[in-house]
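Here the structure is laid out as structure tokens; the discussion comes afterwards.
Nothing in this text is a laboratory measurement; each read-out follows from the coordinates by a stated rule. Note that the coordinates shown come from a computational prediction; the quantities given were computed from them, not determined experimentally. All Cβ positions, even for glycine, are placed from backbone atoms using ideal geometry, and neighbour counts span all protein chains on display.
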Amino acid sequence: MIQALRGMKDILTPENERFVHIIETASQIARRYGYDYIETPLLEETALFKRSVGESSDIVGKEMYQFVDKGGHDVCLRPEGTAGIVRAFIQHKLDKKGGVHRFYYHGPMFRYERPQKGRLREFHQFGCESFGEASVYEDFTIILMIRDIFDALGIGYTITINSLGCPECMPGYRETLVAHLHDIRDGLCDDCQRRIDTNPIRVLDCKNESCRTLLQASPVIAENLCEACDSDFVRLQQLLKSHGIDYRLDPKLVRGLDYYTRTAFEFVSDEIGAQSAIAGGGRYNRLVEFLGGKPTPAVGFALGIERIVDLVKLPQKGREGIYLGVMEPQALETILTIAQARRRHERVYVEYAKRSLKAHLKAADRLGAKLCAVIGEDELKHSQIWVKDLETKEERRIGVEAFA
Ligand code: HAM
């Protein structure tokens, strides 16, 4: 039997209801914050991800679903959403238009990682990207929005933040860091040793215990920021504090994608095991320009839907909709007419086969319908329908015309 690929999942009942609830809740909140929906292709030129996410990142270096298509183009299934949206932003000349543009999106992302709990090869993100607003108030507002989303979904979290500086302060910091890393080089794992030359900042993120111990004394980015980056980082923390939002400073939070400048953050859950990041994001002021657009400040985030789908608390829902059935096959036409009329405003289930009343009631109950409506021999004679409210248990007979 052919099975789904490793690390890829079907989403069926009952998970599907929580999955849709996450997307609907997050979309509604994003719209309240001024975001509009954007859809971009799942497949993009490989060069887009190499240039944005970064050649030295694991995502691009090891995890891309990359292939040459029939036209000889080097293409890639998107490993994340930001790069494609920046490409669309530039392609549709929104960078030239100026002003602020805010987009939200959701959909599948693909990373050829080693699958484990909370880590899939095809997974789904909900994300937001805000273009044209340089103020740190926008970073703060995005954190507020994510908080609103998780609160609405009944999900607990810890917020961790860091600043990744800018081209003004990062080169100096990188030099200090590389000098320090060379001092401890021999004790570091192979990956870290390689990264000293390719992407030294990512060394800070190593999960290897002995590297982590060695790295404890590393110079801290947040203590090496230029004045502008430092003042934004201080302001962000003041805003969080004054709004009563708890956060933890994490000097080792460097994110797995290379495009970030200044604010970086993650929302972490302690309820889901090792893959604990449920959302991540930050500012990426250089990316639009780097991909050929007019310099435009930007900030965004994405949350992992599969990481939270088991934690979501669905709102209490009563019975819903109507179940229609027949005990006489001649009544089926009438039932179909009623179904069409009622579908305009509610969920309708129709059973085409003739069944006993008991069987219809059982089926309606199993489907969670509020009303079970059936036409039997006697109802057929009098152009009536028998209706039972499965919540109140009330039963009555109504004229078909009045019911449709
Ligand atoms: P990211 O941190 O790579 O950021 O991914 C965001 C979230 O996607 C993670 O926090 C996690 O919940 C989920 N996720 C990542 N990889 C997997 C996986 N293999 N299986 C299941 N869930 C996963 C980004 O993708 C950035 N584009 C976020 C962003 C938007 N930054 C600025 N704008």
Residue 207 versus residue 134: modelled label distance in nm, points set 7 Å from Cα along the beta carbon direction: 3.8 nm
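Report D for the chain in µm² per second (integer): Stokes-Einstein, Kirkwood Rh on Cα pairs, 25 °C, 0.890 mPa s.
Values: Rh = 24.5 Å.
Once the numbers are plugged in, D ends up at 100 µm²/s.
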Where Rh is the Kirkwood radius over Cα pairs, Rg/Rh for the range 220-369: 1.31
Cysteines without a disulfide-compatible partner [the chain; Cβ-Cβ under 4.7 Å]: 76, 128, 166, 189, 192, 229, 372
Residue-span extension gain [residue 396 to residue 5] - 0.36 nm each, minus C-alpha spacing: 135.6 nm
Length-normalised contact order for the range 15-116 - Cα pairs under 8 Å, 6+ apart - percent: 35 percent
Label-to-label distance, nm, for residues given as residue 92 and residue 116 (7 Å Cα→Cβ offset): 3.9 nm
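So how much slack lies between residue 245 and residue 39, counting 0.36 nm per residue of separation and subtracting their Cα-Cα distance, in nm? Show your work: numbers first, answer last.
Working: separation 206, 0.36 × 206 = 74.16 nm, distance 3.18 nm.
Between residue 245 and residue 39, full extension yields 71.0 nm more.
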HN-Hα J in Hz across the range 319-329 - Karplus 6.51, -1.76, 1.60, θ = phi - 60°, x for Gly and Pro: 5, 9, x, 10, 10, 10, x, 10, 10, 10, x
FRET efficiency estimate (nearest 0.05) - Cβ-Cβ, residue 316 to residue 355, R0 35 angstrom: 0.70
Neighbour cut-off at most 10 other Cβ (10 Å), DSSP loop, trypsin sites (Lys or Arg not before Pro), the range 302-400: 317, 344, 393
Residue-span extension gain [residue 220 to residue 24] - 0.36 nm each, minus C-alpha spacing: 66.6 nm
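Mean residue ellipticity at 222 nm from the helices of the chain, using -39,500 (n - 2.57) per DSSP H segment of n ≥ 4 over the full residue count, to the nearest 500 deg cm²/dmol?
Result for the chain: -10500 deg cm²/dmol, rounded to the nearest 500.
Identify the trypsin sites (Lys or Arg not before Pro) of the range 23-85 meeting these criteria: DSSP loop state and at most 13 other C-beta atoms within 10 Å of the C-beta.
Values: sites: 31, 32, 50, 51, 62, 70; in loops: 70.
Answer in residue order: 70.
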Paramagnetic reach from residue 158 (point 7 Å along Cα→Cβ, amide N under 12 Å) across the range 244-262: 247-250
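Within the range 1-58, list the GluC sites (Glu not before Pro) lying in a DSSP loop whose Cβ has at most 13 other Cβ atoms in a 10 Å radius. Please list the in-between numbers first.
Numbers: sites: 15, 17, 24, 39, 44, 45, 55; in loops: 39, 55.
When the GluC sites (Glu not before Pro) of the range 1-58 are filtered for loop state and at most 13 Cβ neighbours within 10 Å, 39, 55 remain.
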Inter-centroid distance (Cα atoms) of the range 195-252 relative to the range 297-347, Å: 46 Å
Total formal charge among the other residues, if their Cβ is under 13 angstrom from that of residue 247, Lys/Arg +1 and Asp/Glu -1: -1
All-pairs alpha carbon distance profile, the range 197-239, 5 Å steps from 0, percent: 5, 18, 20, 18, 16, 14, 9, 0
